[in-house]
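Everything below concerns the one structure shown next.
The values are calculated or read from the model by the stated rules, or taken from the named source; none is laboratory data. This is a predicted model, so every value here is computed, not measured. Neighbour counts run over all protein chains shown; Cβ positions are idealised from the backbone, glycine included. Heavy atoms of the whole protein, side chains included, go into the accessibility calculation; ligands, DNA and RNA do not. Shrake-Rupley method; radii C 1.70, N 1.55, O 1.52, S 1.80 Å.
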Amino acid sequence: MSSHAVSIEDLPPKGEKVDVTKMSKALSILPLVGAGGLLLSAIIFFTPGAKSYAYSWLFAFYFFFTIACGGFFWTMLHHASNSGWGVAIRRVMEHLASMLPILFVIALPIVILPQAREALYEWMVQLRETKAAHPDIPIKDALMKEHHALLAHKHAYLNLPFFFIRFLFYALILGGGALLFKWLSTRQDQVGGVKITFLTRRISCGMILFFAISVTFMAFDYLMGLNYIWFSTMWGVYLFAGSAVSGMAVIILTISGLRNLGYLREVVSKEHYHIMGKLLKAFVIFWAYISFSQFFLYWYANITEETQFFIMRNTGPWYPLSLFIVFGHFVLPFLFLLRQRAKKDLKQINAAACWILFVHLLDIYWIVIPERGPSLTGGEQMTLGALAFLGDIIAYVTVGAIILYFYLRTIGKHSIYPCRDPRLVESVNLLN
């Protein structure tokens, strides 16, 4: 890493563009894996195994979705806070966020296929069956007659037309917003100046509110909605915390990978890693604070509708995983990242980033999959067999191959850092 002051003359005038041929092996294998997985998934979605596989697909989609949301959050925070230090790594954040439109396409099977969405969301089945049984009376009255009082109370939100409208809203705000910020950033590479810097700052300050609403209500719709009787006002913040920490982990690993290929050597220093490590630690703590607050308050109140989420996950085979997530998602990374050396040493911070991604994967799995057994077997089984687990692996590998392919491809389309941002020199010569 560079140890001397770097001027603008020391940097390539058009930035550094990644030669994707250096990643040709991955770029040739990933589309084959993704296409094969998509074909197999399409077949499964039209077989009796579709109900179980819907949970697998939701798990895989939401894991990568949270990471991309993390990239979008860090991009907006960089602009809204007028960050100077983050300019050198901002393009990586933007590339990560630009995966959001692709992820909304990946989400379509669980949105548009009745056999998939009704396997996931019991309220859709109850609405359909109630309408069929009582076609001549208002739906709320029909739901009350069928003893679905809570669904009747929530019907203004839990109905199929509004469910589709919200999906389009999320896609526009998150997917469209991510593409807008990336377009403005790459446009600045061409025209330079401060005008785009000020514009993106203003847009970010307004967009953060819509980002928070979208991430929160997506968590309500697609994860909390797996059991519409359960509810938590902290749920959106819990998922946001996981998004932020996992997004930063991927940013760290991406930058390290690019440096190994010979890029960003004069642009990113140990000081950048130190700040990224501090942010990683901060959101590990924030995740623990939110998750403990949610658990403690619900467990203390001991209301059936609230505690059922944790009772299910503290029962049978899920209990060891629950304990592991407590220690793996907070205690171990917190103690590890307390040391300054762990945040400046590349091997150590990369190891921490890999570990955090692993436990975040388990966290999303722990949220989604325990609902599958009781829902599909009428409460008779806590888990399904090995074929269901195999479906989880197929979905994860398929979605992962698709996202990684497009992520690597987009990295090579523009300079890997904002080469004409007016604060670039400030960022390159960072001291903290």
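Over the stretch 128-278, what portion of Cα pair distances is larger than 20 Å, expressed as a whole percent? Working shown, then result.
Details: 7708 of 11325 pairs.
Pairs farther apart than 20 Å: 68 percent.
Cα-Cα pairs above 16 Å in the stretch 87-137: how many percent?
Details: 789 of 1275 pairs.
Counting every Cα pair in the stretch 87-137, those more than 16 Å apart make up 62 percent.
Around Val245, what is the net charge, scoring Lys/Arg as +1 and Asp/Glu as -1 over all other residues with Cβ under 13 Å from its Cβ?
On the way: positive: Lys278, Lys281; negative: Asp363.
Result for the local shell: +1.
Would you kindly state how much longer the chain becomes between Ile311 and Ile208 on full extension, computed as 0.36 nm times their sequence separation minus their alpha carbon distance, in nm to one decimal?
Numbers: separation 103, 0.36 × 103 = 37.08 nm, distance 3.44 nm.
Fully extending the segment from Ile311 to Ile208 adds 33.6 nm.
Given a cut-off of 38 Å, what percent of all Cα-Cα pairs of the chain lie beyond it? Before the final figure, lay out the partial values.
Working: 22695 of 93096 pairs.
Value for the chain: 24 percent of Cα pairs lie more than 38 Å apart.
Provide the solvent-accessible area of Ile44, counting protein heavy atoms only and rolling a 1.4 Å probe, rounded to the nearest 10 Å².
40
What spacing in nm lies between the two simple spin-label points modelled at Ser81 and Leu168, each 7 Å away from Cα in the Cβ direction?
For the pair Ser81/Leu168, the computed spacing is 3.6 nm.
In whole angstrom, note down how far apart the Cα centers of the stretch 1-53 and the stretch 185-234 are.
Between the Cα centre of the stretch 1-53 and that of the stretch 185-234, the gap is 23 Å.
Can you list the HN-Hα couplings for the stretch 215-230, worked out from phi with the Karplus curve (6.51, -1.76, 1.60; θ = phi - 60°), rounded to whole Hz and with x for Gly and Pro?
For the stretch 215-230, the Karplus-derived couplings read 5, 5, 6, 5, 4, 5, 5, 9, 10, 5, x, 4, 9, 5, 6, 7 Hz, x marking Gly and Pro.
Could you tell me how many cubic angstrom of Cα convex hull volume the stretch 345-432 has per residue?
Details: hull volume 14.6 nm³, N = 88.
It is 166 Å³ per residue.
If R0 is 45 Å, what FRET efficiency do you get for Leu113 and Arg341 from their C-beta distance, rounded to 0.05?
Values: r = 50 Å, r/R0 = 1.11.
Result of the calculation: an efficiency of 0.35.
Need one number for the stretch 202-317: average projected area of the convex hull over its C-alpha atoms, nm². Before the final figure, lay out each step's value.
Working: hull surface 41.7 nm².
So the mean shadow area of the Cα hull is 10.4 nm².
In degrees, nearest 10, range 0 to 90: what is the angle between the Cα axis of helix 122-133 and the longest Cα principal axis of the chain?
For 122-133 against the chain, the angle is about 40 degrees.
Where is the GNM fluctuation largest for the chain (alpha-carbon springs, 10 angstrom cutoff): Gly242, Gly373, Gly70?
Maximum fluctuation in the GNM of the chain, among the listed residues, is at Gly373.
Once the other residues with Cβ under 12 Å from the Cβ of Asp10 are scored (Lys, Arg +1; Asp, Glu -1), what is the net sum?
Numbers: positive: Arg265; negative: Glu9, Glu266.
Around Asp10, the charge tally is -1.
If I model a spin label as a point 7 Å beyond the Cα along the Cα-Cβ vector, how far apart are those points for Leu160 and Asn302 in nm?
Label at Leu160, label at Asn302, 4.2 nm between them.
Report, in degrees rounded to the nearest 10, the 0 to 90 angle that the Cα long axis of helix 346-368 makes with the longest principal axis of the chain.
20
In what order, largest first, do Val191, Val105, Val125 sit by accessible area if the probe radius is 1.4 Å? Write down the numbers at each step before the final one.
Working: Val191 70, Val105 95, Val125 35 Å².
Ranking Val191, Val105, Val125 by accessible area, largest first, yields Val105, Val191, Val125.
Residue-wise, which Karplus ³J(HN,Hα) couplings in Hz belong to the stretch 284-300, taking 6.51 cos²θ - 1.76 cosθ + 1.60, θ = phi - 60°, and x for glycine or proline?
5, 5, 4, 4, 5, 4, 5, 5, 5, 4, 4, 5, 5, 5, 6, 5, 5
Per-residue ellipticity at 222 nm for the chain, helices alone: DSSP H runs ≥ 4 residues times -39500 (n - 2.57), over residue total, nearest 500 deg cm²/dmol? Before the final figure, lay out each step's value.
Working: 22 runs with 305 residues, N = 432.
-22500 deg cm²/dmol, from helical runs alone.
Take the Cα radius of gyration of the stretch 123-193 and divide it by 2.2 N^0.38 Å, with N its residue count; two decimals is plenty.
Working: Rg = 21.1 Å, N = 71, 2.2 N^0.38 = 11.1 Å.
It is 1.90.
At 0.36 nm per residue, and after removing the present C-alpha to C-alpha distance, how many nm does the segment from Val397 to Ile285 gain when stretched out fully? It would help to have the intermediate numbers written out before the result.
Details: separation 112, 0.36 × 112 = 40.32 nm, distance 2.96 nm.
The Val397-Ile285 span can extend by a further 37.4 nm.
Tell me the label-point distance for the pair Val194, Lys278, using the 7 Å Cα-to-Cβ offset, in nm and rounded to one decimal.
2.5
Under 23 Å from the Cα of Lys145, which lysines turn up, not counting those fewer than eight places away in the same chain?
Within the straight-line limit of under 23 Å, Lys145 reaches these lysines: Lys131, Lys154.
Can you send over the carbon and sulfur percentage of the accessible area for the stretch 290-432, probe radius 1.4 Å, protein chains only? Don't jump to the answer; show the numbers that get you there.
Values: 4770 of 6950 Å².
Reported share for carbon and sulfur atoms: 69 percent.
Which value in Å is the Kirkwood Rh of the stretch 19-140 over different Cα pairs?
On the way: mean 1/r = 0.0565 Å⁻¹.
In the stretch 19-140 this quantity evaluates to 17.7 Å.
Quick check: the distance between the Cα centres of the stretch 84-123 and the stretch 133-154, to the nearest angstrom?
33
Say the cut-off is 20 Å between C-alpha atoms; which of Lys17/Lys182; Lys22/Lys182; Lys182/Lys347; Lys281/Lys343; Lys278/Lys347; Lys14/Lys270 go over it? Please list the in-between numbers first.
Details: Lys17/Lys182 16 Å; Lys22/Lys182 24 Å; Lys182/Lys347 30 Å; Lys281/Lys343 9 Å; Lys278/Lys347 16 Å; Lys14/Lys270 24 Å.
Checking Cα-Cα distances, Lys22/Lys182; Lys182/Lys347; Lys14/Lys270 exceed 20 Å.
Taking only protein heavy atoms and a 1.4 Å probe, what accessible area per residue, in Å², does the stretch 129-278 have with all protein chains in place?
Details: 6470 Å² over 150 residues.
Computed with neighbouring chains in place, this is 43 Å² per residue.
Got a sec? Charge dipole of the chain, +1 on Cβ for Lys and Arg, -1 for Asp and Glu; which of Thr216, Phe295, Ala54 is way out at the positive end?
About the Cα centre, the residue reaching furthest to the positive side is Thr216.
Note down the net charge around Val191, summing +1 for each Lys or Arg and -1 for each Asp or Glu among other residues with Cβ under 14 Å from its Cβ. Provide the component values of the computation, followed by the final result.
Details: positive: Lys14, Arg187, Lys195, Arg420; negative: Asp189, Asp421.
Charge balance near Val191 sits at +2.
Ratio to report: Rg/Rh of the stretch 50-99, with Cα atoms as the point set and Rh obtained by the Kirkwood method; give two decimals.
On the way: Rg = 14.7 Å, Rh = 12.0 Å.
We get a ratio of 1.22 for the stretch 50-99.
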